[in-house]
Amino acid sequence: MEQQSKIKFDLHLPLILIHTPYGLKFFDKVSQTKAARFYAKFNTYLMPLITIMALFLIIGSVAALVSSETIREGARGVGPQANLLIPGLNPYLPIWEGWIALVVTIIVHEAGHGIIARVYGVKVESTGLVLFLGIPIGAFVNIERDELNRITTKQKSSILTAGPMTNIVVATISLFVILLITSTLVITKPIDPASYGVVITNVNAGSLAESVGLDKGTTIQQIQNSQIRNPVELNDNLNANLGELITIGIADENGAKSTIQATLPPQREPGKGILGVTISPVADPKEVLDRYNSMIFTSPLALLAPPTFVQGIVPYSDFMADKYTSPIFGSYYTIPANLFFWLWFINFNVAIFNALPIGPLDGGQLYNSLIDKKTQNRKGIIRHASKILTYGMVIVVVLSIALPYILK
């Protein structure tokens, strides 16, 4: 295969595409292995399975938003940027783990395409990086469209599926590594049997909680004369006392109890909590760890909840971290655990998103080519079936983002 020797730049401001020859020899070498040829055949019919999973999750998300005001309120609270896998914009994505995981995810996705393309003798013109205002946000493998058009449908399916499927493989490996790490954990701070309440894991700037001195790590145990044992009870008691001066019974991180007073607003603002805090039930470290390790086998998709969001149920979150140690990693076990979580999270989300039947995505390219092949000689609206499919899916994706703001 003839190699390019120069780096080329394409400016589509604010995007900059850098085309390089790097990686092409690697694709050629790997594509000649038995493993690559087996992987190419293995990929051929898997795109529909990934697409079904993606549709199940996104349609389920839309249904949940329609049926639950609590979920809509939570989505409004974090903002639409929480749907973007860009560290710094997404409030849940940590900067350094997020960028490492994102770069690795994009590289393995595009390498999957490039290696399987070479298995079938399809020319790869270049590899490259995508920069947004100078910040790397993606990578690509440039395969000539004419090359894709000359191969069989099965071969095209294998090449297009290789990207999402490689992400699924990396996500699965990352989940397994998380299990290895959490299985080594030893509890250092058992729960006090007499403890109860809900723990504040984050205080929003400018919130009522901040103004009255409620701090991260504080446990809310009482509102007026009512004990608080879970988030539902806290929410119900706050709603019942809107506009009133209330007494809040709290315990600090050392267990010392006290009370503070706060005047609640007369009504709840849409999309905002009353106190302006993120909370978690008082957690038993043993129960949290046992439940988390069992979920990896029983309901792995539930583990997509970021540790920066559901801190009380993730053993390596900031909130739970000091309650465990590892004989292998010591107190630094949170570093590899969080890194592999974001590798699992971002790889999985990139895989299922790219499997959606939307025009330029991997799934869209495959399904559109199949539909166009079947409808090219048809008349009427059926000739536009591939475009209708793309537009319909785009509407579903937009709804999953916009519904919290449409249904208030």
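The values are calculated or read from the model by the stated rules, or taken from the named source; none is laboratory data. It should be emphasised that the depicted structure is a prediction, and the values quoted were computed from it without experimental measurement. Quick reminder, even Gly has a Cβ in these numbers, built from the backbone with ideal geometry, and neighbours come from all protein chains shown.
Can you tell me how many residues in region 323-371 are of a type in the set (G, A, S) and over 30 Å from I59 (Cβ atoms)?
The initial filter retains those residues of region 323-371 that are of a type in the set (G, A, S), namely 326, 330-331, 337, 351, 355, 359, 363-364, 369.
Narrowing the set further to residues that are over 30 Å from I59 (Cβ atoms) leaves 326, 330-331, 337.
Final tally of qualifying residues: 4.
Considering L180, L185, L214, which residue is within 17 Å of N338 (Cβ to Cβ) and either in contact with a strand residue (DSSP E or B) (Cβ under 7 Å, 6 or more places away or on another chain) or buried (at least 20 other Cβ atoms within 10 Å of the Cβ) (or both)? Break it down stepwise before answering.
Numbers: L180 fails: either in contact with a strand residue (DSSP E or B) (Cβ under 7 Å, 6 or more places away or on another chain) or buried (at least 20 other Cβ atoms within 10 Å of the Cβ) (or both); L214 fails: within 17 Å of N338 (Cβ to Cβ).
None of the other options fit; the residue is L185.
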Exercise. If you check S294, S280, S299, S317, which single one turns out to be touching a Gly at 6+ places or on another chain (Cβ under 8 Å) and under 26 Å from E97 (Cβ atoms)?
Worked result: S280
For this session: Output the residues belonging to region 190-221 that are under 21 Å from S317 (Cβ atoms), at pLDDT 85 or above and charged (D, E, K, R).
Result: D215
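List the helices (runs of 4 or more DSSP H) that sit entirely inside region 34-142 and contain at least 3 residues that are within 18 Å of L366 (Cα to Cα). Let's see the steps before the verdict.
Working: elements: 34-43, 47-67, 69-78, 95-119.
The qualifying helices (runs of 4 or more DSSP H) are 34-43, 47-67, 95-119.
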Exercise. V169 versus (1) surrounded by fewer than 16 Cβ atoms within 10 Å (Cβ to Cβ); (2) in contact with a Ser or Thr (Cβ under 9 Å, 6 or more places away or on another chain): which is the lone unmet condition?
Worked result: (2)
Problem set entry | Evaluation of E147 against (1) under 27 Å from L102 (Cβ atoms); (2) assigned to a helix (DSSP H, G or I) (one fails), failing number | (1)
Seminar exercise, completed: In region 84-115, anything surrounded by fewer than 20 Cβ atoms within 10 Å (Cβ to Cβ), of a type in the set (A, V, I, L, M) and touching a strand residue (DSSP E or B) at 6+ places or on another chain (Cβ under 6 Å) is listed as L84, I95, I107
Problem set entry | Filtered residue count, region 264-300, keeping only those that are more than 23 Å from the chain's Cα centre (by Cα), surrounded by 15 or more Cβ atoms within 10 Å (Cβ to Cβ) and part of a helix (DSSP H, G or I) | 1
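Name the residue, out of T105, T33, that is under 15 Å from the mean Cα position of the chain (by Cα) and β-branched (V, I, T).
None of the other options fit; the residue is T105.
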Exercise. How do the pairs read when you match residues in region 317-345 that are over 18 Å from N202 (Cβ atoms) with residues anywhere that are of a type in the set (F, W, Y), using Cβ under 6 Å and keeping only pairs 6 or more apart or on different chains?
Worked result: S326/Y333; A337/Y316
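On the given criteria, is I58 surrounded by 16 or more Cβ atoms within 10 Å (Cβ to Cβ), assigned by TED's automatic domain parsing to the domain that holds G128 and under 30 Å from Y405 (Cβ atoms)? Spell out the reasoning first.
Values: surrounded by 16 or more Cβ atoms within 10 Å (Cβ to Cβ): yes; assigned by TED's automatic domain parsing to the domain that holds G128: yes; under 30 Å from Y405 (Cβ atoms): yes.
Taking the combined requirement at face value, the residue satisfies it.
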Exercise. For G392, are the conditions met, namely being without any contact (Cβ under 8 Å) to a residue 12 or more places away in the chain and either surrounded by fewer than 18 Cβ atoms within 10 Å (Cβ to Cβ) or not hydroxyl-bearing (S, T, Y) (or both)?
Worked result: yes
